[in-house]
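Laboratory data are not the source of any read-out in this text; all were calculated from the coordinates shown. Only a predicted model underlies this, so the values are computations on that prediction, with no experimental measurement involved. Reconstructed Cβ throughout: ideal geometry from the backbone, glycine too, with neighbour counts over all protein chains shown.
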Ligand SMILES: *Cc1c(COP(=O)(O)O)cnc(C)c1O
């Protein structure tokens with residue numbers, strides 16, 4: 001039994017966006033990032049639709065396990081590596097490539113050197129994000145130790161950008177410079193720098209591999225533009241049915257806490273979606289919702305199971321009509337900017353209560 005609140009996915013949009021990555025970075029191989037359950041879309045189905053990527057990047061062993069359990073045999077990269085020897089062994093068992101971003105991880109790998117001959121290690125360097133990664137001056141020592149574990153294998157270096165969606169600042173250029181200087185000292189090295197914003201705005205960062213996530217799902221990595229404006233196709237359409245309609249007299253208030261007051265007699269539609277479905281409770285009045293072929297404003301606070309919208313200005317709204325919270329008519333990025341967040345957060349917080357629909361393969 002479905003209550004009609006659905007996230008409907010379009011695999012052809014994923015494939016289209018992957019082609020955008022290939023057109024922007026034609027020489028690079030692609031780690032398609034499918035962490036956080038494929039940015040809320042479903043990691044397995046996303047990876048299946050993205051079979052033309054060169055591998056998949058995830059944040060945790062559990063995410064890697066989910067892909068392997070579904071029979072996905074492609075390369076998988078653990079972006080944060082592992083914590084402790086048990087996880088390191090699991091990574092080998094699952095056939096994952098792994099990031100190494102600190103001494104403790106390297107020490108674990110050294111202690112199990114005989115078991116990781118074929119594991120690809122990506123040494124993560126902190127060039128300015130200051131979240132994960134070894135310091136630039138530690139790189140020669142780490143490279144030497146990794147080569148001692150895996151003689152004859154290519155050395156792989158990666159780094160992550162802090163503000164690649166702000167091309168007007170020079171910080172990304174500084175990060176690229178620092179990284180390239182290190183890379184020059186390592187012969188036969190494979191390099192990976194770019195997230196989606198790097199793919200789109202920093203061709204100098206494309207190198208051997210790129211790691212796009214959000215752009216594959218058709219949402220924007222920033223640039224004060226929506227995914228649609230950046231030429232991407234949204235993969236998720238989030239919809240909810242109209243479950244009640246009423247007319248509220250001028251002067252009355254709608255919803256909890258009397259936040260919104262009708263300034264005229266107002267036609268109010270109640271939709272079957274709320275914060276229990278992942279629609280943010282802090283969405284303000286006037287956050288847009290797509291209904292009846294146009295934008296209508298959210299009015300009143302978001303409840304757990306419902307929201308209310310003002311449909312006074314549209315003709316013929318009926319019970320059961322489907323409203324789009326975001327999708328191809330209304331970019332998730334436009335909604336996010338009203339709410340003071342980013343498309344990344346809205347997509348990843350869609351809750352399990354929402355039916356996630358993929359067309360049958
Ligand atoms: C999430 C993540 C990405 C993808 O970033 P997008 O902005 O979604 O393209 C790339 N690299 C790392 C290390 C990440 O954690």
Please give the helix 139-149 orientation as an angle from the longest Cα principal axis of the chain, in degrees from 0 to 90, rounded to the nearest 10.
-> 70
Förster radius 22 Å - calculated FRET efficiency between residue 62 and residue 153, Cβ distance, rounded to 0.05 | 0.25
In what sequence do 358, 290, 122, 326 fall when counting other Cβ within 10 Å, fewest first?
-> 358, 290, 122, 326
For the chain, longest principal axis from Cα atoms; helix 171-184 axis from its Cα atoms; angle between them, nearest 10 degrees, is 20
Identify which of 257, 327, 231 has the largest mean-square fluctuation in a Gaussian network model of the chain, with springs joining Cα atoms closer than 10 Å.
-> 257
Would you mind computing, in nm to one decimal, how far apart the modelled labels at residue 52 and residue 313 are, each placed 7 Å from Cα along Cα→Cβ?
-> 4.1
Most exposed first by the Cβ proxy, i.e. fewest other Cβ within 10 Å, how do 96, 6 rank?
-> 6, 96
Cα centroid separation - region 16-34 against region 214-261, whole Å | 29
So residue 90 and residue 264, fully extended at 0.36 nm per residue minus their Cα-Cα distance, gain in nm 56.4 nm
Order these peptides, 213-220, 100-107, by their mean beta-carbon neighbour count within 10 angstrom, highest first.
-> 213-220, 100-107
Segment residue 103-residue 118, extension gain: residue separation times 0.36 nm, minus the distance between their alpha carbons = 3.4 nm
In nm, to one decimal, how far is the residue 1 label point from the residue 184 one, both placed 7 Å along Cα→Cβ?
-> 6.9
With R₀ set to 35 angstrom, the calculated FRET efficiency between the beta-carbons of residue 177 and residue 69, to the nearest 0.05, is 0.25
Given N residues in region 1-70, what is Rg(Cα) / (2.2 N^0.38 Å)?
-> 1.21
The rounded separation in angstrom of the Cα centers of region 115-145 and region 165-197 is 14
Just need the relative contact order of the chain here, percent rounded to a whole number, with Cα pairs under 8 Å and 6+ apart.
-> 18
Do you know the relative contact order of region 31-90, to the nearest whole percent, from alpha carbon pairs under 8 angstrom that are 6+ apart?
-> 33
Distribution of pairwise C-alpha distances over the chain, 20 Å bins, in % | 28, 49, 20, 3
Compare the peptides 169-175, 67-73, 346-352 by average per-residue count of other Cβ atoms within 10 angstrom and give them in order, highest first.
-> 346-352, 169-175, 67-73
With contacts defined as alpha carbon pairs under 8 Å and 6 or more residues apart, what's the relative contact order of region 149-199 in percent?
-> 55
Based on the mean of other beta carbon atoms within 10 Å per residue, what is the order of 55-64, 37-46, most packed first?
-> 37-46, 55-64
Starting with the fewest neighbours, write out 155, 309 ranked by other beta-carbon atoms found within 10 Å of each beta-carbon.
-> 155, 309
